[in-house]
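Colleague: Please read through the structure below; I'll follow up with questions.
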Amino acid sequence: MMQRPPLRPEEYSLKETSPHLGGAAAGDKLTTTYDLVEQMQYLYVRVVKAKELPNKDITGSCDPYVEVKLGNYKGQTRHFEKKNNPEWNQVFAFSKERIQSSVVEIVVKDKDLVKDDFIGRVMFDLNEVPKRVPPDSPLAPQWYRLEDRNGHKVKGELMLAVWMGTQADEAFPEAWHSDAASVPGDGLASIRSKVYLTPKLWYLRVNVIEAQDLIPNDKTRFPEVYVKAMLGNQVLRTRVLASRTLNPMWNEDLMFVAAEPFEEHLILSVEDRVAPGKDEVIGRTIISLQHVPRRLDHRLLTSQWYPLEKHVIIDGEQKKETKFSSRIHLRICLEGGYHVLDESTHYSSDLRPTAKPLWKPSIGILELGILTAQGLLPMKTKDGRGTTDAYCVAKYGQKWVRTRTIIDSFTPKWNEQYTWEVYDPCTVITIGVFDNCHLNGGEKANGARDTRIGKVRIRLSTLETDRVYTHSYPLIVLTPGGVKKMGEVQLAVRFTCSSLLNMMHLYSQPLLPKMHYVHPLSVIQVDNLRRQATNIVSTRLGRAEPPLRKEIVEYMLDVDSHMWSMRKSKANFFRIMGVLSPLIAVAKWFDQICLWRNPLTTILIHVLFVILVLYPELILPTIFLYLFLIGVWYYRWRPRQPPHMDTRLSHAETAHPDELDEEFDTFPTSRPPDIVRMRYDRLRSVAGRIQTVVGDLATQGERLQSLLSWRDPRATALFVVFCFIAAIVLYVTPFRVVVFLAGLYVLRHPRFRHRMPSVPLNFFRRLPARTDSML
């Protein structure tokens, strides 16, 4: 890819734009259904079928196809062999911007080995082609008599419909486009726009209770048994029981992710660990998920006994042994009350439970217009020059959308609009831009991967309702060579709220469904289940046509967000410091008050303190009034733009090359041993500092515990006596007086201060901790 000079910080920023949306200026009240994109005019030609075509071959047959020509552009239908009444039903779309002719010619030809024969044609003057704008009904196709090159009628008729329309036309997604004329037929499917739906995901809970009457292969010993459960590629095991019994009891929960339609069966096998690394199957049962009950809450379902079937191998074939009395006790259910997490929890676009009866009504509509991209970098080389074939993917909730691929353009114009229902405003829509590397069918077998150009995230709660946001977002990617701007993508976004009351009420509700709190999953379970859910989603979407490939799905779902990165660790540390900095600033300000750096301010604080001591009922109202005034004051400087990728916050610009190389390393590592050793030593150094901080925190906590533990008998005796005296004093002294005296002591003049640590701090630091017992 072409190298660029270092970018200025403003080139990574968001830019507000004013596109000509839907025929009106941005910000105007728009009424059309396709109003978040610029209208693009297309000439549509629908070739439906032909009849009574004459035979042209020497063999006396006809192998017809249709060629649609408009200036230098030429589209072609598939051909039929030996068919005089073919039916194609194909649509061709020609961009009005690129039309170089005033006539469109539809030619019917006969496929031949040497030269295709001309059968007849139909011609249309573009000035006489009718216009159609949805929601008008589709234009009805008509029969047209074929003509020869001289304009004389010949045998055969062709059913056609020709009209001028926009990208809002229903025929647009499936049409052949003139800008894709260079794409071979087997690559056309990979450039079309498409809407995908994530398969409906369920958590499958398998509660393995017990087994009865196990019959081990070796009768001379008690088996060391465990249960192995398999669902597709997911394999889980219970703990190994070494109890001296043939009726083992586990009572363990195994959690899987299952997707509708249920294609795999649940296979459970009871296995005996006869030796390290050697297990023998005692019995097996297969359960169809179609018959598994579904529950919507935490109430227990009835358990069932399942017979264990013995499988023996006879002459290389596996056969079922019928006389077998062992059985296993299970409680299996599909959990409808959970939300199956397939995204990073920080960027979730959907928080609803699996079961539809538990869904709450939608609160609004999210509309996204994917307009254009500017300044894209060449992503690959073709015929000795750089080229980019860009398309966009947007994901929100269960709905994924993919725009058409714009061939060989660094400034592609998509102008496609999509809509989602919104159930929670605290969700994120993700838009990714990619380079299509599957335009030629042969590349599919070579394992070509679509290249990521950049990604944009927009949190709905940061948007004002009913406002159209038109911005150009920087497409920023992190590469082993550093941060790189790949271009900009222009989007139009509008969040329309149908019920403001319902949306405000959601802010008081739990983020996840009730089951996540009543019957919570462990952090390890959530991570494992999320990985399985991502694999299922990427597999299912990869089987669509055109496929949404695994690398696309994983990039959109942030699969690798949990991987170690020194850069992210630094960024998160400085994020914490950014959160704590106001508290540190307040502490420094208060320290200056105590030191009387500004006597007037300190005196005012004394007056305020006396008022609050005399009238303590004013404390909480004062605090909330102060917060209210701050909020009203900051309203003037409220953010007017959606958030975007921040290279400074991410520490992407200052990352060391070796840190980036480590971040892009595979897992397990593929780097040479000396580099791994250096990184390991660096990680040990960082971990050592963290270890010291954690140890210091533990020391302070243990010192607090030792106040009353009598580990240091003299210190505890002093503290106990102090507590007794303090209790008597506080019983006889009004609380206001105590607070007043304590406040005056804290705010005392520097003349009454000294630099040595205070008595309580000296006492606390002398308390013992358990560091003496550490090896």
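Colleague: Would you pick out the residues in region 269-295 that are buried (at least 18 other Cβ atoms within 10 Å of the Cβ) and in a loop (DSSP other than H, G, I, E, B)?
Modeller: VAL292
Colleague: Let me ask something else. I need the strands (runs of 3 or more DSSP E) fully contained in region 349-458, keeping only those with at least 1 residues that are without any contact (Cβ under 8 Å) to a residue 24 or more places away in the chain. Steps first, please.
Modeller: Numbers: elements: 364-374, 380-382, 385-387, 390-396, 399-402, 413-422, 428-435.
Counting at least 1 such residues, we get 380-382, 385-387.
Colleague: A further question follows. Can you pull out every residue in region 742-760 that is within 19 Å of PHE590 (Cα to Cα) and open to solvent by less than 100 Å² (accessible area, probe 1.4 Å)?
Modeller: ALA742, GLY743, LEU744, VAL746, LEU747, ARG748, HIS749, PRO750, ARG753, PRO757, SER758 - these are the residues of region 742-760 that are within 19 Å of PHE590 (Cα to Cα) and open to solvent by less than 100 Å² (accessible area, probe 1.4 Å).
Colleague: Still on this structure, please answer the following. Among the residues of region 455-483, what is the count of those that are among the hydrophobic types (A, V, I, L, M, F, W, C), open to solvent by less than 20 Å² (accessible area, probe 1.4 Å) and under 18 Å from the mean Cα position of the chain (by Cα)? Even if it seems obvious, please write down each step before you answer.
Modeller: Here is the first cut: in region 455-483, the ones among the hydrophobic types (A, V, I, L, M, F, W, C) are 456, 458, 460, 463, 468, 475-478, 483.
Subsequent filtering for residues that are open to solvent by less than 20 Å² (accessible area, probe 1.4 Å) retains 456, 458, 460, 463, 475, 477.
Next, only the ones that are under 18 Å from the mean Cα position of the chain (by Cα) stay: 456, 458, 460, 475, 477.
Matching residues across region 455-483 total 5.
Colleague: Sticking with this one: May I ask you to list pairs of residues, at least six apart or on different chains, whose Cβ atoms are under 7 Å apart, with the first in region 470-493 being in the same structural domain as ALA373 (by the TED database) and in contact (Cβ under 8 Å) with a residue 12 or more places away in the chain and the second being among the basic types (Lys, Arg) and open to solvent by 30 Å² or more (accessible area, probe 1.4 Å)?
Modeller: The qualifying pairs are HIS471/LYS15; SER472/LYS15; VAL477/ARG452; VAL477/LYS484.
Colleague: Would region 576-594 turn up any residue that is more than 44 Å from the chain's Cα centre (by Cα), of a type outside the set (Gly, Ala, Ser) and exposed (fewer than 11 other Cβ atoms within 10 Å of the Cβ)?
Modeller: Checked against the condition, which is being more than 44 Å from the chain's Cα centre (by Cα), of a type outside the set (Gly, Ala, Ser) and exposed (fewer than 11 other Cβ atoms within 10 Å of the Cβ), region 576-594 yields at least one hit.
Colleague: Right, here's the next one. Which pairs have Cβ atoms under 7 Å, sit 6 or more apart or on different chains, and link a residue in region 675-698 that is surrounded by 11 or more Cβ atoms within 10 Å (Cβ to Cβ) to one that is part of a helix (DSSP H, G or I) and not aliphatic (A, V, I, L, M)?
Modeller: Here the result reads ARG679/GLU662, each pair linking region 675-698 to a residue that is part of a helix (DSSP H, G or I) and not aliphatic (A, V, I, L, M).
Colleague: Restricting attention to region 564-593, report how many residues are farther than 30 Å from TYR745 by Cβ, in a helix (DSSP H, G or I) and not basic (Lys, Arg).
Modeller: Total meeting the criteria: 10.
Colleague: Just to verify a result, which residue in region 701-741, among those that are surrounded by 11 or more Cβ atoms within 10 Å (Cβ to Cβ) and of a type in the set (Lys, Arg), is farthest from LEU608 (Cα to Cα)?
Modeller: ARG711
The rows are residues; the columns are (1) farther than 30 Å from THR602 by Cβ; (2) in a loop (DSSP other than H, G, I, E, B).
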position	(1), (2)
LEU708	yes, yes
PHE719	yes, no
VAL737	no, no
LEU767	yes, yes
ASP772	yes, no
LEU775	yes, yes
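Colleague: Here's another thing I want to ask about it. Applying the selection to region 97-108, what residues are in contact with a helix residue (DSSP H, G or I) (Cβ under 9 Å, 6 or more places away or on another chain) and either charged (D, E, K, R) or buried (at least 17 other Cβ atoms within 10 Å of the Cβ) (or both)?
Modeller: Taking region 97-108 as the starting set, the residues that turn out to be in contact with a helix residue (DSSP H, G or I) (Cβ under 9 Å, 6 or more places away or on another chain) are 98-99, 101-104.
Residues satisfying the conditions are ARG98, ILE99, VAL104.
Colleague: Restricting attention to region 620-650, and to residues there that are open to solvent by less than 100 Å² (accessible area, probe 1.4 Å) and in contact with an Asp or Glu (Cβ under 9 Å, 6 or more places away or on another chain), which single residue is nearest to ILE429 (Cα to Cα)?
Modeller: Checked region 620-650; the qualifying residue nearest to ILE429 (Cα to Cα) is GLN641.
Colleague: When LEU158 is evaluated against the numbered criteria (1) at pLDDT 90 or above; (2) in contact with a Gly (Cβ under 9 Å, 6 or more places away or on another chain); (3) surrounded by fewer than 19 Cβ atoms within 10 Å (Cβ to Cβ), which criterion, by number, is the only one it fails?
Modeller: Going through the list (1) at pLDDT 90 or above; (2) in contact with a Gly (Cβ under 9 Å, 6 or more places away or on another chain); (3) surrounded by fewer than 19 Cβ atoms within 10 Å (Cβ to Cβ), LEU158 breaks only (3).
Colleague: Tell me whether region 724-733 contains one or more residues that are closer than 30 Å to THR771 by Cβ, assigned to a helix (DSSP H, G or I) and within 55 Å of the chain's Cα centre (by Cα).
Modeller: no
Colleague: Continuing with the same structure: Are any of the residues in region 507-519 part of a helix (DSSP H, G or I), closer than 30 Å to LEU439 by Cβ, open to solvent by 40 Å² or more (accessible area, probe 1.4 Å) and not aromatic (Phe, Trp, Tyr)? Please lay out each step first, then the result.
Modeller: Restricting attention to region 507-519, the residues satisfying the condition of being part of a helix (DSSP H, G or I) are 515-518.
Next, from what is left, pick out any that are closer than 30 Å to LEU439 by Cβ: none.
Within region 507-519, none of the residues are part of a helix (DSSP H, G or I), closer than 30 Å to LEU439 by Cβ, open to solvent by 40 Å² or more (accessible area, probe 1.4 Å) and not aromatic (Phe, Trp, Tyr).
Colleague: Now, a different point. Show the residue pairs that are 6+ apart or on different chains and have beta-carbon atoms under 8 Å apart, the first residue being within region 534-561 and free of Cβ contacts under 8 Å to residues at least 12 places away in the same chain, the second being open to solvent by 20 Å² or more (accessible area, probe 1.4 Å) and not in a helix (DSSP H, G or I).
Modeller: Matching pairs, first to second residue: GLY542/ARG549.
Colleague: Given (1) under 16 Å from the mean Cα position of the chain (by Cα); (2) open to solvent by less than 10 Å² (accessible area, probe 1.4 Å), identify the lone condition not met by THR403.
Modeller: Condition (1) is where THR403 drops out.
Colleague: To continue, here is another question. Among what's in region 296-311 and is farther than 27 Å from SER243 by Cβ and charged (D, E, K, R), pick the residue that is surrounded by the fewest Cβ atoms within 10 Å (Cβ to Cβ). Before the answer, list the steps.
Modeller: Within region 296-311, the subset farther than 27 Å from SER243 by Cβ is 296-299, 301.
Remaining after also requiring charged (D, E, K, R): 297, 299.
On the way: ASP297: 13, ARG299: 6.
Ranking the qualifying residues of region 296-311, first place goes to ARG299.
Colleague: Then there's this: Test ILE328 against the stated conditions and say whether it is open to solvent by 30 Å² or more (accessible area, probe 1.4 Å), at pLDDT 90 or above and closer than 15 Å to LYS228 by Cα. Spell out how you get there, then give the answer.
Modeller: Values: open to solvent by 30 Å² or more (accessible area, probe 1.4 Å): no; at pLDDT 90 or above: yes; closer than 15 Å to LYS228 by Cα: yes.
Spelling it out, it is not the case that ILE328 is open to solvent by 30 Å² or more (accessible area, probe 1.4 Å), at pLDDT 90 or above and closer than 15 Å to LYS228 by Cα.
Colleague: Of the residues LYS82, LYS51, LYS69, which is basic (Lys, Arg) and at pLDDT below 85? Let's see the steps before the verdict.
Modeller: Working: LYS51 fails: at pLDDT below 85; LYS69 fails: at pLDDT below 85.
It is LYS82.
Colleague: Just wondering, is there one or more residues in region 557-573 that are β-branched (Val, Ile, Thr), surrounded by 12 or more Cβ atoms within 10 Å (Cβ to Cβ), out of contact with any Phe, Trp or Tyr (no Cβ under 7 Å at 6 or more places or on another chain) and within 30 Å of ALA687 (Cα to Cα)?
Modeller: Yes, there is a match, as at least one residue in region 557-573 is β-branched (Val, Ile, Thr), surrounded by 12 or more Cβ atoms within 10 Å (Cβ to Cβ), out of contact with any Phe, Trp or Tyr (no Cβ under 7 Å at 6 or more places or on another chain) and within 30 Å of ALA687 (Cα to Cα).
The values are calculated or read from the model by the stated rules, or taken from the named source; none is laboratory data. None of these values were measured; they are calculated from a predicted model. As a convention, Cβ positions derive from the backbone with ideal geometry for all residues, glycine included, and neighbour counts pool all protein chains shown. When the accessible area is computed, the model is the full protein with side chains, heavy atoms only, and any ligands, DNA or RNA have been set aside. Shrake-Rupley method; radii C 1.70, N 1.55, O 1.52, S 1.80 Å.
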